[in-house]
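The values are calculated or read from the model by the stated rules, or taken from the named source; none is laboratory data. Just so you know, these numbers come straight off a predicted model, no measurement behind them. Every residue, glycine among them, receives a Cβ derived from its backbone with ideal geometry; neighbour counts consider all protein chains shown.
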Amino acid sequence: MSGQHPPALQFLGATDTVTGSRYLVRSQNHRILVECGLFQGYKVLRDRNRTPLQVSPASVDAVVLTHAHLDHSGYIPALVRDGFRGPVYSTPGTAELCSLLLPDSGYLQEEEARYADRTESSTHHPPMPLYTAEDAVRSLDSFQTRAFDSPFLLPGGIEATFLPAGHILGAAQVHLALAGHTVHFTGDLGRRNDPLMYPPRDLGTTNVLVTESTYGNRTHPGGNPEAELGEIISRVAKRHGVIMIAAFAVGRAETVLLYLSRLLARHAIPAIPIYLNSPMAIDASGMYQRHREEHRLAQHDFEAMYRVAKPIRSADESKLLNLRGGPMIIISASGMLTGGRILHHLAAYGPDKRNAIILSGYQAGGTRGAALAEGGKHLRIYGQDVHIEAEVIQMEGLSAHADSNELLQWMQAAPQAPDMTYITHGEPDAADALRVRIKRQLGWKVRVPEHQESVSIENPR
């Protein structure tokens, strides 16, 4: 048809960083956005959230979402507010989790703007949130759910299919068929032996593969994370310390609760008070119950893990925990210490060397979690410098991301090599390390694209 451009893929995010996943697919003059995430971490990356999207939101025909984490979904409220009127396609589990995560994200951004206004710490007058909780709630009306393994049509004659990715509830790989070619997006791939989620579906045949590389330059430790967690808790409890577990509210909180319930059942840790101080994680429990087909948990395991901790909902209850002292365990979000109630606990208990801070997964560069993991002793929390003397442990064994070996094993299942593999969603060193492994061990054509680069789907290079 005259005037139509050949199908193309543009990388609008998750290049040179592990956040901000956004991929624009163009076909028959239609635009499909796969992922719509927030940039996180370093300020230069966060500032990209304030830069208008490279295409008009009103010109985007549909969004296809792999899963609910904010680095994949968190820009949706801004997209809808700025004129997007199409559907946001996701699995049912992802849509349910987004109903928690997106309004909470808007609320936290409003809180940050109010704080910046009170303290006059912003260069903008008045400081404004990227979007509000009301924007986020309104954007939820755009969601339309589709089941795993059930192809559905997008504008431009594109056929999309969600395939299980593991990782968290609802997480999917996205397979697109368009103009006689296929493009496969990993989203975030889970682990083969995750205690909570089933493994990701093996890679099938595709012309173009777009893969994450979060752990592209490392492998997870070979030990037993449950035993490691038990040893840390026993050691810190003996000195009457507080164990603060910074857990992603969706996914890692459940894994931590599962391990704690098993440790207590066999008396491997002392029976000290345990608090789940994350209303979002509490609310997510019902969602995991409704989607039993997606995870490995037997009913007795599910019931035991949610009995193990006292849920903390109100802000007043949360503040009281800072007066209680140890020994106790507090599980709270956010997992990279970018916000949330965990920051108040860090301010209260971080300066005491009897206490411990457990980082339960990947820490993106520029976050407070990354600073602690690298040995930092000072955190800026709500305008104050907090000196950290507490023991800091990064438990990468708790991660829900496939590591470098697992990514290679997943790719090796493909019946044939893709025409091209693009490596995204990783820090530069991780992305390049995975590129080298894929080239040398699999012999595939592979490269790391640049931010905003556009490539042909028919003739990928």
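Couple of notes before you dig in:
- Failed criterion for Ala253 (all others in (1) under 15 Å from Ile329 (Cα atoms); (2) in a helix (DSSP H, G or I); (3) at pLDDT 90 or above; (4) within 26 Å of the chain's Cα centre (by Cα) hold): (3)
- If you go through the stretch 374-388 and keep only what is exposed (fewer than 12 other Cβ atoms within 10 Å of the Cβ) and closer than 16 Å to Tyr42 by Cα, you end up with Glu374, Arg380.
- Search result, residues across the stretch 27-47 that are within 17 Å of Leu9 (Cα to Cα) and either modelled with pLDDT under 90 or not assigned by TED's automatic domain parsing to the domain that holds Thr15 (or both): Gln28, Asn29
- Selected residue (criterion: modelled with the lowest pLDDT) from residues of the stretch 390-443 that are in a loop (DSSP other than H, G, I, E, B) and surrounded by fewer than 16 Cβ atoms within 10 Å (Cβ to Cβ): Ala413
- Being over 30 Å from Phe148 (Cβ atoms), outside any loop (DSSP other than H, G, I, E, B) and in contact (Cβ under 8 Å) with a residue 24 or more places away in the chain is a property that holds for Leu108.
- Some residue of the stretch 14-28 being surrounded by fewer than 22 Cβ atoms within 10 Å (Cβ to Cβ) and either in a helix (DSSP H, G or I) or under 16 Å from the mean Cα position of the chain (by Cα) (or both): no
- Single residue of the stretch 444-461 satisfying the filter (of a type in the set (A, V, I, L, M, F, W, C) and under 22 Å from Gly37 (Cβ atoms)) that is surrounded by the most Cβ atoms within 10 Å (Cβ to Cβ): Ile457
- Pair list, Cβ < 9 Å and 6+ apart or interchain, from the stretch 43-71 residues that are within 27 Å of Pro151 (Cβ to Cβ) and in contact (Cβ under 8 Å) with a residue 60 or more places away in the chain to residues that are outside any helix (DSSP H, G or I) and of a type in the set (Lys, Arg): Asp61/Arg31; Ala62/Arg31
- Qualifying residue in the stretch 72-95 (condition: part of a helix (DSSP H, G or I), among the hydrophobic types (A, V, I, L, M, F, W, C) and modelled with pLDDT under 95): no
- Qualifying residue in the stretch 193-202 (condition: of a type outside the set (A, V, I, L, M) and touching a Cys at 6+ places or on another chain (Cβ under 8 Å)): no
- Pair list, Cβ < 6 Å and 6+ apart or interchain, from the stretch 218-232 residues that are within 17 Å of Asn193 (Cβ to Cβ) to residues that are outside any loop (DSSP other than H, G, I, E, B) and not small (Gly, Ala, Ser): Thr219/Asp403; Thr219/Asn405; His220/Glu396; His220/Asp403; Pro225/Leu398; Glu226/Tyr259; Leu229/Tyr259
Yes/no matrix, rows are residues, columns are (1) more than 19 Å from Glu111 (Cβ to Cβ); (2) surrounded by 15 or more Cβ atoms within 10 Å (Cβ to Cβ):
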| position | (1), (2) |
| --- | --- |
| Tyr306 | yes, yes |
| Ala315 | no, no |
| Gly335 | no, yes |
| Leu343 | no, yes |
| Asn355 | yes, yes |
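- Subset of the stretch 135-174 (residues that are assigned to a loop (DSSP other than H, G, I, E, B), hydrophobic (A, V, I, L, M, F, W, C) and surrounded by 24 or more Cβ atoms within 10 Å (Cβ to Cβ)): Ala165, Ile168, Leu169, Ala171
- The residue list Leu276, Leu297 contains one member that is outside any helix (DSSP H, G or I) and more than 23 Å from Glu391 (Cβ to Cβ), which is Leu297.
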